[in-house]
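The values are calculated or read from the model by the stated rules, or taken from the named source; none is laboratory data. Since this is a predicted model, take the numbers as computed values, not measurements. We place every Cβ from the backbone using ideal geometry, glycine too, and count neighbours over all the protein chains shown.
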Amino acid sequence: MAIPTATTKMPGFSDFKLSLNKKTAPLVEQLVEHADALRCHVSRGDAGERLIDLGSSVEGGLEAGRKLSEICMGGLGQVAITNTSGLDNWPWAVAVSSSNPVISCLASQYGGWTMSDDATGFFALGSGPARALSRKEELFEELGYVDTHTSGALVIEGDKAPPSSLAQRVAEDCHIKPENLTILFAPTGSLAGTVQIGARVLEVALHKAHALGFPLEHIVDGTGVAPLAPPTPDFIQAMGRTNDGIIFAGRVQIFVRDTDAAAQKLAEQLPSSASKDFGRPFAEIFSAVDGDFYKIDPMLFSPAKVTVSNLDSGKSFHAGKTAPDLVDASFR
């Protein structure tokens, strides 16, 4: 299959009229209302933007991370902390599902908005529903999805929020007032951060399906689970653990409507074991390429095991394998 070009329109998504940011707004307000109980801190930046710290200068917590994950999915995903990881030593897991996985995962949760500020040296990848307001990425031309709303929520994986000058530009790109922009942030190694990254187990599968050229409009539903990585203050180790949890123990089931041949091919290509880099802890791979993400095989970023169920035929196809020993080595 050919990978879609930037001008390809995905049938169906241009007709998806639900606003991700409108859907998410009540979830953001609930988080603000219960910020103290969730050990989060709410403040305002110099441009008027609202900032929610879920784990940098505050403790945050697992529940804060669960709520952050549902916000990141644009209100179209359900996230739970369960004991269904399938691992004896690390039974607790982040389980996620969405009845609108392409919009929820790719138009909202995916960290595709590159933002930087030369004056302060700030750099981050933005995720969350505000991406669909700005539509700065070519991906939105492919999806054909457009969101309009008076407020927006942006999620940053990091220990600080963007400077207010950058927040001002983000609001302008989203066509909203700065005071109606909420920026939520949590470090990778925090309690909230480790949950929201584990909740990306379905998103990485959707992103890889897109990279493989599978027709996104043929993906109907999806669910996934990844072990809850223990937090650590060491950034490289935290990044390694959260990625290893998905790569070596993440499990996803995707429901599609297509031919059995296409469904089987997708199942065979999706697991992380299809990558040449599979088998080594992520932190080790990252160090070997001197911290250059672009030197890592992008096909590695996917769940360990995948089931693709074809709704048209009733047949399911399985591929991939978990690696509990590698998870143990990473998490301990």
Of GLY60, GLY65, GLY126, GLY86, the only residue that is modelled with pLDDT of 95 or more, in contact with a strand residue (DSSP E or B) (Cβ under 8 Å, 6 or more places away or on another chain) and assigned to a helix (DSSP H, G or I) is GLY65
Here the residues within the stretch 55-69 that are among the aliphatic types (A, V, I, L, M) and farther than 10 Å from GLN196 by Cα are VAL58
Q.
If I filter the stretch 171-191 for residues that are under 19 Å from PHE122 (Cα atoms), surrounded by fewer than 23 Cβ atoms within 10 Å (Cβ to Cβ) and among the acidic types (Asp, Glu), do I get at least one hit?
A. yes
Exactly one of VAL201, VAL225 is among the hydrophobic types (A, V, I, L, M, F, W, C) and under 19 Å from SER127 (Cβ atoms), and that one is VAL201
When every residue in the stretch 251-277 that is touching a Phe, Trp or Tyr at 6+ places or on another chain (Cβ under 9 Å) and acidic (Asp, Glu) is compared, the one farthest from HIS210 (Cα to Cα) is ASP260
Taking the stretch 57-75 and keeping only residues that are in contact with a Pro (Cβ under 8 Å, 6 or more places away or on another chain) and more than 22 Å from GLN168 (Cα to Cα), one is left with GLY75
Among helices (runs of 4 or more DSSP H) completely within the stretch 242-332, the ones holding 3 or more residues that are out of contact with any helix residue (DSSP H, G or I) (no Cβ under 6 Å at 6 or more places or on another chain), under 24 Å from VAL195 (Cβ atoms) and in contact (Cβ under 8 Å) with a residue 24 or more places away in the chain are 324-331
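Would you mention how many residues in the stretch 151-168 are in contact with a helix residue (DSSP H, G or I) (Cβ under 6 Å, 6 or more places away or on another chain) and either over 27 Å from THR194 (Cβ atoms) or surrounded by fewer than 21 Cβ atoms within 10 Å (Cβ to Cβ) (or both)?
Of the residues in the stretch 151-168, the ones in contact with a helix residue (DSSP H, G or I) (Cβ under 6 Å, 6 or more places away or on another chain) are 151-155, 168.
With the extra rule that they be either over 27 Å from THR194 (Cβ atoms) or surrounded by fewer than 21 Cβ atoms within 10 Å (Cβ to Cβ) (or both), the set shrinks to 151, 168.
Total meeting the criteria: 2.
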Within the stretch 159-180, restricting to residues that are in a helix (DSSP H, G or I) and acidic (Asp, Glu), the one that is nearest to TRP113 (Cα to Cα) is ASP173
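Within the stretch 200-227, work out how many residues are part of a loop (DSSP other than H, G, I, E, B) and either in contact with a Leu (Cβ under 6 Å, 6 or more places away or on another chain) or under 22 Å from LYS321 (Cβ atoms) (or both).
Total satisfying the criteria: 3.
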Per the filter on the stretch 129-144, residues assigned to a loop (DSSP other than H, G, I, E, B) and buried (at least 24 other Cβ atoms within 10 Å of the Cβ) are PRO129
Residue pairs qualifying under the 7 Å Cβ cut-off, at least six apart or on distinct chains, with the first in the stretch 17-37 being in contact (Cβ under 8 Å) with a residue 24 or more places away in the chain and the second being among the basic types (Lys, Arg), are LEU27/LYS67; LEU31/LYS67
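So, in the stretch 278-310, of the ones that are in contact with a Phe, Trp or Tyr (Cβ under 6 Å, 6 or more places away or on another chain) and not hydroxyl-bearing (Ser, Thr, Tyr), which residue ends up surrounded by the fewest Cβ atoms within 10 Å (Cβ to Cβ)?
ALA304
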